[in-house]
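A short worksheet on the structure shown next.
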Amino acid sequence: MIYAIRVTSGKEKSVIDQLSSIKERGEYEIYSILHTPRIKGYIFIEASSEDEAKRFVYNVANIKGMAGETPIQQIEKFLTPTKIEIKLDKGDIVELISGPFRGEKGKVMRVSKQKEELVIELLEAAVPIPLTVKIDAVRLIKHE
């Protein structure tokens, strides 16, 4: 059975690290621990029973509670990688939608389809600084 565990958003990795070290002791019937970045604030564990899952996560920092049993069909779509269609070209104007420069506009200087990254130069910067960002961290404003 797979169980959804509510955790503090942004702390999923540290919770998984803690749970992994507990799992290595071999005291619990836990088969796997999973987190997908597409579902924030939740991790998933595969356990022999709900009671075993509750005992496993009891008193672990940043765990808010157990959301219950989750059928694999509900999370299956989040487990398969999705192909990002790259529709940006050199010279396009984009806006950063995440990260420390969120809200800034930039011009695309280079597109790396293999790495799914862009190199952009911020338009309003006094000195042009090339930034490498993931394609999903920008929004197209103007096609050049």
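For the range 2-79, compute the orientation-averaged projected area of the C-alpha convex hull (one quarter of its surface), in nm².
Values: hull surface 18.1 nm².
Spelled out: convex hull of the Cα atoms, projected over all directions, averaged, 4.5 nm².
At q = 0.08, 0.11, 0.13, 0.14 Å⁻¹, what is the log10 ratio I(q)/I(0) for the chain, with the Debye formula run over Cα points and no solvent?
Values returned for q = 0.08, 0.11, 0.13, 0.14 Å⁻¹ are -0.35, -0.59, -0.71, -0.75.
Would you count, across the range 2-79, every pair of lysines whose alpha carbons are under 20 angstrom apart, provided the pair is eight or more residues apart or spans two chains?
13
So if we plug the beta-carbon distance of M109 and L79 into 1/(1 + (r/R0)^6) with R0 = 30 Å, what FRET efficiency do we get, rounded to 0.05? Write out the running numbers ahead of the final one.
On the way: r = 34 Å, r/R0 = 1.14.
About 0.30, to the nearest 0.05.
As an exercise, identify the trypsin sites (Lys or Arg not before Pro) in the range 40-144 lying in DSSP coil whose Cβ has no more than 14 other Cβ atoms within 10 Å. Show your work: numbers first, answer last.
Numbers: sites: K40, K54, R55, K64, K77, K83, K87, K90, R102, K105, K107, R110, K113, K115, K134, R139, K142; in loops: K40, K83, K87, K90, R102, K113, K115.
Hits after loop and neighbour filter: K40, K83, K87, K90, R102, K113, K115.
Which number comes out as Rg/Rh for the range 16-55 once both Rg and the Kirkwood Rh are worked out on C-alpha atoms?
With Rg and the Kirkwood Rh in hand, the quotient comes to 0.97.
Can you return the lysines within cross-link range of K90? Criterion is Cα-Cα under 27 Å, with same-chain partners fewer than 8 residues away left out.
Correct list for K90: K105, K107, K113, K115, K134, K142.
Just so you know, all these numbers are worked out from the coordinates, no wet-lab data involved. This structure is a prediction, so every number in the text was calculated from the model and none was measured. Quick reminder, even Gly has a Cβ in these numbers, built from the backbone with ideal geometry, and neighbours come from all protein chains shown.
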